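Okay, so here's the structure we're looking at.
Read-outs: derived from the displayed coordinates by stated rules, not from any lab. Just so it is clear, the model here is predicted, and its values are computed rather than measured. Note: ideal-geometry Cβ built from the backbone for every residue, glycine included; neighbour counts use all protein chains shown.
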Amino acid sequence: MIDAQDYAEFSRFLSECCGLVLGENRQYLVSSRLSRLLNEFSFAKVEDLLKALRRAADPTLKSRVIDAMTTNETSWFRDNYPFEILRHLLLPELAARQKPIRIWSAACSSGQEPYSISMIVSEWEASVPSRTATISILATDLSESVLADARSGLYDGLSIVRGLTPERRQRFFDAVDNGHRIKPEIQRRVRFQKLNLMESYAALGKFDIVFCRNVLIYFSAETKRRIFDGIARQMDAGGYFFVGASEAVNSYTDAFEMLRTPHGAVLRRR
Ligand SMILES: C[S@@+](CC[C@H](N)C(=O)[O-])C[C@H]1O[C@@H](n2cnc3c(N)ncnc32)[C@H](O)[C@@H]1O
């Protein structure tokens, strides 16, 4: 069991380096999430792991701990409605502006979100008479291991079915020995980059559409405010912002207004 002092130190470590707030009495969660890592690194207790983190002896240890404590749960076309809004409203509207369209999938996990966006772009492009805009997608995450999976574009039998219709699987993937590989046509549009949302995004430039979904749920109100304001600075007025279905942005920043559409709601940069 983790004593109160170690738990407090570990909680501080997590909230400072990745924003995750553990809350009170989650010692059991910490022990169970870290147990494999303790074995692998031959630490007898969480206290020993904390000592190693303090010494920063192994540079991979910190990211392995963060990986163990964060959830990478995702699926294709998650919640569906953002992709409907993208396809039917945002792409036609933004393409009419006759400028390149930049989309950011912040906290992209193993790639299902940015690749779903890219599939929607392909479907939309196939439905218009001529291509009017260059569309690029930047996909970022804190975790090197999910980024490696995303870059590989390879999905096993379990992950391929979650949210993907057989038609889209057939159209956008090639069957290979050990699963399904995303087609180059879809992959080409997406660039993956490591980025911690706790740090600055000024160097990324401006985006027309941002997805930042299902990552800030366990962050403190103060951190959410800072991240929402940081994202707002990377967008011009009229840009669009998607958060997770249960996440409220307007309690933290007044940079966005809610736009209700027949497909669902999206935030628009004021
Ligand atoms: C639950 S997944 C959400 C994936 C996708 N956005 C979706 O909605 O399906 C959360 C992702 O956030 C990433 N993450 C957690 N803390 C982060 C941080 N501080 N900066 C960037 N990414 C972070 C995790 O590595 C994980 O891949």
Item checked: For the range 85-95, Karplus couplings with θ = phi - 60° (6.51, -1.76, 1.60), whole Hz, Gly/Pro x -> 5, 4, 5, 8, 10, 6, 4, x, 5, 5, 5
Item checked: Reciprocal mean inverse distance between Cα atoms of the range 109-251 - Kirkwood radius, Å -> 16.7 Å
Check: Nearest-5 percent of antiparallel DSSP beta bridges in the chain?
Finding: 45 percent
Margin query: Nearest 500 deg cm²/dmol is fine: what mean residue ellipticity at 222 nm does the chain get from its DSSP H runs of n ≥ 4 alone, each adding -39,500 (n - 2.57), divided by its residue count?
Written below: -12000 deg cm²/dmol
Item checked: For Phe256, residues with placed amide H under 5 Å, excluding near neighbours -> Arg270
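Hey, what did the range 4-69 get for relative contact order, percent, Cα under 8 Å, at least 6 apart?
Working: 34 pairs, mean separation 21.6, N = 66.
Averaging sequence separation for qualifying contacts and normalising by length gives 33 percent for the range 4-69.
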Item checked: Residue among Glu73, Glu40, Glu199 with the largest mean-square fluctuation in a Gaussian network model of the chain, springs linking Cα atoms under 10 Å -> Glu40
Notebook entry, point to check: Rounded to two decimals, what ratio of Rg to Rh does the chain give with C-alpha atoms and a Kirkwood Rh?
Noted result: 1.00
Item checked: Residues of type lysines that Lys62 reaches as a straight line, Cα spacing below 26 Å, ignoring anything fewer than 8 places off in the same chain -> Lys45, Lys51, Lys194, Lys224
Check: Of the trypsin sites (Lys or Arg not before Pro) in the range 156-242, which ones lie in a loop per DSSP and count no more than 15 other C-beta atoms within 10 Å?
Finding: Arg162, Arg188, Lys206
Note to self: From the C-alpha coordinates alone, can you work out the Kirkwood hydrodynamic radius of the range 9-91, in Å?
What the structure shows: 15.0 Å
Item checked: Packing-based exposure ordering (other Cβ within 10 Å, fewest first) of Asp6, Asp254, Asp208 -> Asp254, Asp6, Asp208
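How high is the relative contact order of the chain, given as a whole-number percent (alpha carbon pairs under 8 Å, six or more residues apart)? Please report the intermediate quantities before stating the final value.
Details: 389 pairs, mean separation 50.2, N = 270.
Relative contact order, the chain: 19 percent.
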Item checked: Long-range amide H partners of Phe192 with built H, under 5 Å -> Ala139
